[in-house]
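Worksheet: one structure, shown below.
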Amino acid sequence: SIVSIDAIEILDSRGNPTVRVLMELDDGTEASASVPSGASTGEYEAHELRDGDKKRYGGKGVKKACENIVKQIAPTLLGMDASEQAKIDRILIELDGTDDKSRLGANAILGVSMAAAKAAAQSHHMPLYRYLGGAEAKRLPVPCMNILNGGEHADNSVDFQEFMAVPHGAPSFSEGLRYVAETFHTLKKLLHERGLATSVGDEGGFAPDLGSNEEAIELIVEAIEKSGYRPGEDISIAIDSAATSFSTDKKGHYDLKWSGAGKMQSIDLIALAKEWVDKYPIILWEDPLAEEDWEGFARFTSALGDKIEVVGDDIFVTNTKFISRGIREHTANASLIKLNQIGTVSETVAAVRLCEENGWRAFLSHRSGETADTFLADFAVAMQSGHLKSGSASRSERLAKYNRLLEIEHALGTDAKYYWK
Ligand code: PGA
Ligand code: ZN
């Protein structure tokens, strides 16, 4: 049973405060969990509690969230069995009492929820992926590696936030990771040859100033080929437009402001996507339209949903209420899954299950603000969702997840499975 829960303010990969939870069980188990933080966040995400005291970290401190853990959550959970995940998560939700976890803070709640899962796994002498996923959890996710960054994750002239290399044609996770890490290095060479910047954005991908968004795709295709791989067969491309970040009026109007491509409407973005999907080996497109543009999203899906995976991130925020609506209205055919968008492990699992039951795919994701915590890697294997994104082949907080997946693959040996769909 749980004998102590403590919390400290640590720094994430952007140098902003975040919550780390430390949990101890009566059998001597000690576990810790650290909470990630997004930049291009959805409006209806669970509420990340920040102190707002401008004298500390520009208001971004999380002392209050930590205090809520120690003074309110800990006394309620002490003595409980850490393996009662569903019950713990229910109690956390009830203790908070708000719809968006804003009283105690979703960062406080998620940290405790994750720490309980980790402590219980350790106490059962099981790796986290097996504890959460059972004996069936043997499928490694295809690593969708974000090698070129734009939008709010970089200070460059690219509007779309993420361009990912997806090694779906590789024979295994480790080979897939090698394919895309090599592509990352080739891309660096190509950028260097052209006199373009090789500095990286928040998720470790390059963030060059390009003449157009399309140039990003052309560069990646070239990098795939020059690395010795076949675009579309070994490695395809995934895009996260994060279109909420360049929507102007919540009415289907957009301004591709960073590249200077200028004003567009939903139909223009759909036409552009159609053209690109015909021309380039694109396999997945996330947030092609903004979170409020349900109609545009559904149109996008009816135009392209039979050719590519259409993923909703800001529009669904890992919330079964919004995913259910999406399923009813054919808004997409997949949902992004981020633990801190909803705020407990159990609710995240419910979101994945809802997708599965309805023939949707679940795309597991890190945040642009991360820590060295590798919970996500184990969680992706436990959920057997088939793909995950954890940034690029640079920045240790990104590699920590990929490296943990290499460990899991090694532990599974010949039982490890790897396939796209
Ligand atoms: P975020 O970006 O973590 O900054 O929200 C990730 C994403 O949009 O998928
Ligand atoms: Zn996204």
Checklist entry - For the chain, what does -39500 (n - 2.57) per DSSP helix run (n ≥ 4), summed and divided by total residues, give at 222 nm, in deg cm²/dmol to the nearest 500? => result -11500 deg cm²/dmol
Checklist outcome for this item: Placing each pseudo-label 7 Å from Cα in the direction of the beta carbon, D6 and K321 end up separated by a distance in nanometres of 3.7
Checklist entry - Using alpha carbon centroids, what distance separates region 205-250 and region 321-390, in Å? => result 23
Checklist entry - Taking only Cα atoms, what is the 0 to 90° angle, nearest 10, from helix 213-226's long axis to the longest principal axis of the chain? => result 90
Checklist entry - If the chain between E84 and R194 were fully stretched, how many nm would it gain, using 0.36 nm times the residue separation less the Cα-Cα distance? => result 34.0 nm
Next on the checklist: With every protein chain left in place and a probe of 1.4 Å, what is the accessible surface of Y418, to the nearest 10 Å²?
Outcome noted: 30
Checklist outcome for this item: The answer for L148, listing residues at least 5 apart or on another chain whose modeled amide H is closer than 5 Å to its amide H, is F163, F206
Next on the checklist: From Cα pairs below 8 angstrom and at least 6 apart in sequence, can you work out the relative contact order of region 96-161, rounded to a whole percent?
Outcome noted: 13
Checklist entry - Tell me, what is the FRET efficiency for D100 and T248 to the nearest 0.05, using R0 = 30 angstrom and their Cβ-Cβ distance as r? => result 0.75
Item to check | Ratio Rg/Rh [Cα only; Rh per Kirkwood] for region 229-378 | outcome: 0.97
Next on the checklist: Taking R0 as 35 Å, what FRET efficiency do you get between H124 and E175 from their Cβ-Cβ distance, rounded to the nearest 0.05?
Outcome noted: 0.65
Checklist outcome for this item: If R0 = 35 Å, then D278 and R328, at their Cβ-Cβ distance, give a FRET efficiency to the nearest 0.05 of 0.75
Checklist entry - So between D415 and Q72, what do we pick up on full extension, going 0.36 nm a residue minus the alpha carbon distance? => result 119.1 nm
Checklist outcome for this item: Checking region 138-206 for GluC sites (Glu not before Pro) in a loop per DSSP with at most 12 other beta-carbon atoms within 10 Å yields none
Checklist outcome for this item: Simple spin-label estimate for D26/E356, 7 Å along Cα→Cβ, in nm, reads 3.3
Next on the checklist: Using Cα-Cα distances under 8 Å and only pairs 6 or more residues apart, what relative contact order does region 321-411 have, in percent?
Outcome noted: 24
Checklist entry - What is the projected area of the convex hull of the Cα atoms of the chain, averaged over all directions, in nm²? => result 18.9
Item to check | Beta bridges per DSSP with both ends in the chain, % antiparallel, nearest 5 | outcome: 60
Item to check | Sequence of D96, D415, D202 from largest to smallest accessible area, 1.4 Å probe | outcome: D415, D202, D96
Next on the checklist: Could you put V70, V35 in order of accessible surface area, largest first, with the 1.4 Å probe and the full protein assembly present?
Outcome noted: V70, V35
Checklist entry - Taking the alpha-carbon centroid of each part, what is the distance from region 19-98 to region 99-169 in angstrom? => result 17
Item to check | Shape of region 79-158, Cα gyration tensor, a/c cut at 1.5 | outcome: oblate
Item to check | Rounded accessible area of L272 (nearest 10 Å², 1.4 Å probe) | outcome: 40
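The values are calculated or read from the model by the stated rules, or taken from the named source; none is laboratory data. Computed from a prediction, not measured in an experiment: that's the story for all the values here. Cβ: placed from backbone, ideal geometry, glycine included. Neighbour counts: every protein chain shown. All accessible areas refer to the heavy atoms of the entire protein, side chains included, with ligands and DNA or RNA removed. Shrake-Rupley method; radii C 1.70, N 1.55, O 1.52, S 1.80 Å.
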